[in-house]
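Below: one structure, written as structure tokens.
Read the figures in this text as sums done on the coordinates, not as results from a lab. Because the structure is predicted, anything quoted here is derived from the model rather than measured. So basically every Cβ, Gly included, is an ideal-geometry build from the backbone, and we count neighbours across all protein chains shown.
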Amino acid sequence: MIRRTTTRTNTRGWWGMLTACLTGTSAALVLAAGLAWLIIGPGSGGGTAAASLGLAGAAVVILSGATLLLTAWSWDRWREQAIFIALFGFVVKIVLMGLVLVVVPPPAWLDRTAAGIGALAAIVTWQVIEVLVFARTRQQIYDD
């Protein structure tokens with residue numbers, strides 16, 4: 001007997017990818033922050049670790065979401081230039097992340113290890129979801 005697995009096709013294009021990345025990464029960050037709070041303990045810095053993890057993860061989600069939003073928006077308007085606009089958005093995102101790390105002083109309460117884990121978890125989760133959804137997306141670049 002041959003088993004067929006059904007894979008869901010992303011029919012909403014870039015907007016579907018943005019929705020999947022936002023919901024999946026946000027859920028992963030909420031789960032990770034909850035686990036940090038439970039593992040470290042509510043009275044011994046668990047709240048600080050959870051907040052640090054959430055803050056760093058949220059920064060990644062906001063910048064990654066803005067880049068994917070720019071890509072989706074440009075795809076709907078200037079399809080021929082969308083890839084170049086997406087690359088521009090990616091470069092701007094990396095520069096902004098670097099500027100935030102260098103220019104903005106971290107709050108005194110920030111747990112740097114938890115923040116690093118939150119940023120890493122958000123980046124990895126976002127990229128995995130983006131690749132998986134993109135693999136199930138058909139994007140037509142040129143009219144047939």
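Applying the Karplus relation 6.51 cos²θ - 1.76 cosθ + 1.60 with θ = phi - 60° to the stretch 114-122 yields 3J(HN,Hα) values of 5, 5, x, 5, x, 5, 5, 4, 5 Hz, where x marks Gly and Pro. Can you list residues whose amide H is under 5 Å from THR137's amide H, if they're 5+ apart or on another chain and H is modeled 1.01 Å from N? It is ASN10, by chain and number. FRET efficiency for the pair VAL92 and ALA27, taken as 1/(1 + (r/R0)^6) with r the Cβ-Cβ distance and R0 = 30 Å, rounds to 0.70. Shown here for the stretch 58-97: chymotrypsin sites (Phe, Trp or Tyr not before Pro) in loop regions (DSSP other than H, G, I, E, B) with at most 14 other Cβ atoms within 10 Å, namely TRP78.
When LEU68, LEU38 are sorted by how many other C-beta atoms sit within 10 angstrom of their C-beta, beginning with the fewest, the order is LEU38, LEU68. The value obtained for the chain, namely the Cα convex hull volume divided by the number of residues, is 123 Å³ per residue.
Taking a sphere under 12 Å around the Cβ of SER52 and counting the other residues whose Cβ falls inside, with K and R at +1 and D and E at -1, yields a net charge of 0. Of ASP76, ASP111, the sequence from fewest to most neighbouring Cβ atoms within 10 angstrom is ASP76, ASP111. In order along the stretch 25-37, the Karplus-derived 3J(HN,Hα) couplings, from 6.51 cos²θ - 1.76 cosθ + 1.60 at θ = phi - 60°, round to 6, 4, 5, 5, 5, 4, 5, 5, 5, x, 5, 4, 5 Hz, and Gly and Pro are given as x. Which residue, ALA59, ALA108, ALA32, has the most motion in a Gaussian network model of the chain that connects Cα atoms within less than 10 Å? Answer for the Gaussian network model of the chain: ALA108.
Of TRP126, TRP15, the sequence from fewest to most neighbouring Cβ atoms within 10 angstrom is TRP15, TRP126. Applying the Karplus relation 6.51 cos²θ - 1.76 cosθ + 1.60 with θ = phi - 60° to the stretch 46-59 yields 3J(HN,Hα) values of x, x, 5, 5, 5, 5, 5, 4, x, 5, 5, x, 5, 4 Hz, where x marks Gly and Pro.
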